[in-house]
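Written out below as structure tokens is the structure these notes cover.
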Amino acid sequence: MTASLEKTSSATVRGACPQDCPDTCAMMVTVRDGKAVEVAGDPDHPFTRGGLCVKVDNYLDRVYSTDRVLFPLRRTGPKGSGKFERITWDEALDEIAARFTEISAQDGPEAIMPCSYLGTQGILNGLNVGDPFFAKLGATIAERTYCDSGSCTAYAMTIGDTAGVDPESMVHSNYILIWACNVMSTNLHLWPFIAEARKRGAKVVVVDPVKTRTAKAADWHLPIKPGTDTALALAMMHVIIRDGLTDDDYIARYTVGFDELADRVAQYPPEWAAEETGIPAEEIERLAREYAGAQPSVIRIGVAVERHAGGGQTVRALSCLPGLVGAWRKPGGGILQLPLWAFPVNWGAMMRPDMLTPGKRVVNQFLLGEALTGEMELDPPINALMVYNSNPVVVCPDQDKLVRGLSRDDLFTVVSEQFLTDTAQFADIVLPATTQLEQADIMFSWGHLYVSYNNPSIEPLGEAVPNTELFRRLAARMGFTDPVFQRTDDEMIAEAFDWTAPAMQGITVESLKAKGWQRLNVPPPDAYAPHAEGGFPTASGKVEFVSSAAAGGNFVVPLFRQGSNDFQPGDPVDPLPHYIPPRESVRTNPELAAKYPLNLLTPKSHAYLNSSFGNLEVHRKVQKDPTVLINPIDAEERDITSGQRVRLFNDRGSFTVAAKVDKSVLPGVVVSSLGGWRKDSPSLSTLASVNPTTFADLGNAPTFSDTLVQVEPCVDA
Ligand SMILES: Nc1nc2c(c(=O)[nH]1)N[C@H]1C(S)=C(S)[C@@H](COP(=O)(O)OP(=O)(O)OC[C@H]3O[C@@H](n4cnc5c(=O)[nH]c(N)nc54)[C@H](O)[C@@H]3O)O[C@H]1N2
Ligand SMILES: Nc1nc2c(c(=O)[nH]1)N[C@H]1C(S)=C(S)[C@@H](COP(=O)(O)OP(=O)(O)OC[C@H]3O[C@@H](n4cnc5c(=O)[nH]c(N)nc54)[C@H](O)[C@@H]3O)O[C@H]1N2
Ligand code: SF4
Ligand SMILES: [Mo]
């Protein structure tokens, strides 16, 4: 118990938002007589400044929801029926241990597969919490490349695993290029810094097929055809080099491969890019000139930038741009991807890759449907699945197949959850998980440079346990005695960071517990220009226009793969940035487009966090029923009017939603946002039923934006 928990009569406890969101807001939880009565932001936090967001302002609705899973449950009805009975933890653990042991003995341990993601992103309870357990078990390795794996690979190939630009120093930026990022919804607390820069004279430009809230607030919106971003970035480089807008001194000192890059981008003139992207050549010329001329300029890339066939190359090209124009010279100049790289997290101690059996089978989670239905040839087949921190039925592509797989009577499924999600409905055993108020954790951020500590503010409700405790209990019941499974939360926190790293100087567990958050020991935002004189964490120490890491082929950043550092089989990667067009588009696949002419985008919902909160009344009121945005031209062709129920479909599946005829999307593009639950959908399916399982070019990234569909009015409408 922490000191703060003991003061239960009335106290304010310092915490941190657990959601998979770049902002990692500092939270203040007011507790009265053991009950949390208010959750608010910490006004002193320099990045989040006292605000939470529409999702987490109402966090108490989540914590105290009557729908919470508070006790272990065993299925009593058919799979998916949602019928369960309460059992004890002992019964649940006995059954899981018995089934895992039996399946492992009969089929080999690879017949067991974990499936997890980022329900919470705490270092203790988040991405890697189950890794040592499943490594010890010898289970199939689940490759988790939902988010930014392609982007990270490409970024690291070009400029190394640098934090990039400090978002707080963006007040000094003169030109802010927001690329495939809906800041107003997905990175809300960055906006005031952008607004401040703008007040000081910066221009804000958004590249997005959709006129989003963010695009509406910008000075200039460039509506680009989905998946063609690399063409725009390459053409910008073409203009910059052709017109001598480069910073030649910076290039000479701190980059490698300029001549080769110049030759390469000579092949990509603006007229060509205009055809690909739908953005007129004059506008591409203007964008390139403005971006190069207004130093320091910054590019803020969203995760969405990677979600098409050539997503890796998009990030390669975008990561080259700042080096060409010397943007890195001053605070506020460069590229902002994930400042997560600044945090010296001791991933090895969390993931324990040393415990893996060499040569262990790897299955990517996007392919879970294929793996469970047997469509993917697996020997042994997957006969047990354990899901935690994730809701694959909603977030994983190829939903119909996944649901078929989860419905298998001979599959033993365990789900650790806060709620009976669409996935938990298919479980044999459901285990109750705590919320952030009920657990301790320590947090990095992928949107700012502050370490945060989450003090627990209330006792766990019912019999819910943190994920750390869940895996301690499971390991004990399996008879695993390794010290890694005996670690207390405090011992794990002590191992969570390399506390001796320069970035952690002045930061201790004690100071964090007391303050809630502390800035990494890095220069203040006004002086933060880490690459003013090169010093990139690449093999050459420079920006690598010609990437030396490309020789390794299509690899997955270890973070996304339980620590295994194996290279993926794959074609060698061209060491220079190049254009890979989308797989599913009218231009590249006319045959498919004849049947399915509209490009579906599935961005984030404003009021949900992925599928989290999609079941809560207060959030659903804000988000409203799922819709699809469709341009008036496409709507008219199909006799579709706003409010009408429509069906979106392709060869993979279909789902129905209400149409919203709206000029904010380009003709040929339709938009339906992620997060609504399958069980609430009239078609008993969501957008995940039409998304492909194909990978992007780097890091096995998803290709959610590379999806063609047809839309038609529903017959019963
Ligand atoms: N409210 C809210 N905030 C969130 C989340 C949430 O679910 N809800 N999720 C969190 C998570 S896990 C993540 S990864 C981040 C993601 O944050 P973002 O990257 O901002 O995520 P998206 O909303 O998916 O996409 C942003 C924009 O990219 C555009 N886009 C899609 N495809 C393309 C393309 O091919 N080219 C271009 N140029 N633009 C494209 C979409 O139209 C959309 O407006 O948000 C985090 N924050
Ligand atoms: N079509 C489409 N698909 C997408 C995306 C997209 O933009 N479009 N985005 C992708 C991206 S970027 C991401 S990051 C993924 C997100 O995929 P997920 O990380 O699976 O996201 P959620 O749907 O929020 O599911 C998290 C689940 O974890 C549970 N949870 C929360 N805290 C805890 C805890 O402490 N313990 C346990 N045991 N459970 C907990 C929550 O209740 C929730 O049900 O989705 C990906 N899928
Ligand atoms: S979801 Fe994001 S913006 Fe909302 S409170 Fe959490 S960290 Fe802050
Ligand atoms: Mo994500």
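Structural remarks
- The chain - percent relative contact order, Cα under 8 Å, separation 6 or more: 20 percent
- Listed residues 119, 197, 108: farthest to the positive end of the dipole of the chain (Cβ charges): 197
- Segment 452-586: relative contact order as a whole-number percent, Cα under 8 Å and 6+ apart: 16 percent
- Cysteines having no other Cys beta carbon under 4.7 Å from their own, within the chain: 21, 53, 115, 147, 152, 181, 320, 396, 714
- 3J(HN,Hα) couplings calculated from phi for segment 31-44 with the Karplus curve 6.51 cos²θ - 1.76 cosθ + 1.60 (θ = phi - 60°) are, in sequence order, 10, 10, 6, x, 10, 6, 10, 8, 10, 9, x, 9, x, 7 Hz; Gly and Pro show x.
- Annotation: amide H of residue 385 within the under-5 Å range of 113, 412, 413, 414, sequence separation 5 or more or interchain, hydrogens built in the peptide plane.
- Summing Cβ point charges (Lys, Arg +1; Asp, Glu -1) relative to the Cα centre of the chain gives a dipole of roughly 1380 debye.
- Sorting 319-329, 136-146 by their mean Cβ neighbour count within 10 Å, with the most densely packed peptide first, gives 319-329, 136-146.
- Convex hull volume of the Cα atoms of segment 1-122, normalised per residue: 178 Å³.
- Alpha carbon convex hull of the chain, volume per residue in cubic angstrom: 144 Å³
- Anchor residue 216: aspartates and glutamates whose Cα lies under 13 Å away (excluding residues fewer than 8 positions away in-chain): 208
- Working ranking of peptides 162-170, 293-301, 587-595 by packing, defined as the average number of other Cβ atoms within 10 Å per residue, highest first, is 162-170, 293-301, 587-595.
- For the chain, calculated [θ]222 nm from helices alone, where every DSSP H run of n ≥ 4 adds -39500 (n - 2.57): -7500 deg cm²/dmol
- DSSP bridge orientation in the chain - percent antiparallel, rounded to nearest 5: 50 percent
- Residue ranges 669-675, 281-287 sort as 669-675, 281-287 when ordered by packing (mean number of other C-beta atoms within 10 Å per residue, highest first).
- Pairwise centroid distance, computed over Cα atoms, of segment 277-291 with segment 319-344, Å: 22 Å
- Length added when fully stretched, residue 587-residue 636, from 0.36 nm per residue minus Cα-Cα: 15.4 nm
- Dipole-positive endmost among 252, 34, 187 within the chain (Cβ charges, Cα centre): 34
- Order of 417, 533 - criterion: other Cβ atoms within 10 Å of each residue's Cβ, fewest first: 533, 417
- In terms of Cα atoms, the Rg and Dmax of segment 156-309 work out to 15.3, 40 Å.
- Rounded Å value of the spacing that divides the Cα centres of segment 11-84 and segment 242-258: 49 Å
- Both radii are taken from the alpha-carbon atoms of segment 451-532; with Rh as the Kirkwood radius, Rg/Rh is 1.11.
- Rg(Cα) / (2.2 N^0.38 Å) computed for segment 590-713, rounded to two decimals: 1.03
- Annotation: the antiparallel percentage among DSSP beta bridges lying fully within segment 615-717 is about 75.
- Taking θ as phi - 60° and the Karplus parameters 6.51, -1.76 and 1.60, the scalar couplings of segment 581-587 work out to x, x, 7, 10, 8, 4, 6 Hz in sequence order, x denoting glycine and proline.
- Fewest-first ranking of 70, 340, 474, using other Cβ atoms within 10 Å as the exposure measure: 70, 340, 474
- Computed from the Cα positions only, the extents of segment 212-261 along the three principal axes stand at 40, 21, 19 Å, in decreasing order.
- For segment 619-668, the fraction of alpha-carbon pairs lying more than 18 Å apart is 34 percent, rounded to a whole number.
- For residue 334, nonlocal amide neighbours, meaning residues 5 or more places apart or on other chains whose placed amide H falls under 5 Å from its own, are 297, 298, 299.
- If R0 is 41 Å, the Cβ-Cβ spacing of residue 459 and residue 354 corresponds to a FRET efficiency of close to 0.70.
- When 510, 306, 102 are sorted by how many other C-beta atoms sit within 10 angstrom of their C-beta, beginning with the fewest, the order is 510, 102, 306.
- Taking amide H as placed 1.01 Å from N in the peptide plane, residue 583 has its amide H under 5 Å from the amide H of 309, each at least 5 places away in sequence or on another chain.
- Given charges at Cβ of Lys, Arg, Asp, Glu: the chain dipole, positive-most of 715, 226, 59: 59
- Assuming charge only on the beta carbon of Lys and Arg (+1) and of Asp and Glu (-1), the dipole of segment 590-713 about its Cα centre is about 480 debye to the nearest 20.
- When +1 charges are put on Lys and Arg Cβ atoms and -1 charges on Asp and Glu Cβ atoms, the dipole computed for segment 426-513 relative to its Cα centre reaches about 80 debye.
Laboratory data are not the source of any read-out in this text; all were calculated from the coordinates shown. Note that the coordinates shown come from a computational prediction; the quantities given were computed from them, not determined experimentally. Here Cβ is always computed from backbone atoms with ideal geometry, including for glycine, and neighbour counts include all displayed protein chains.
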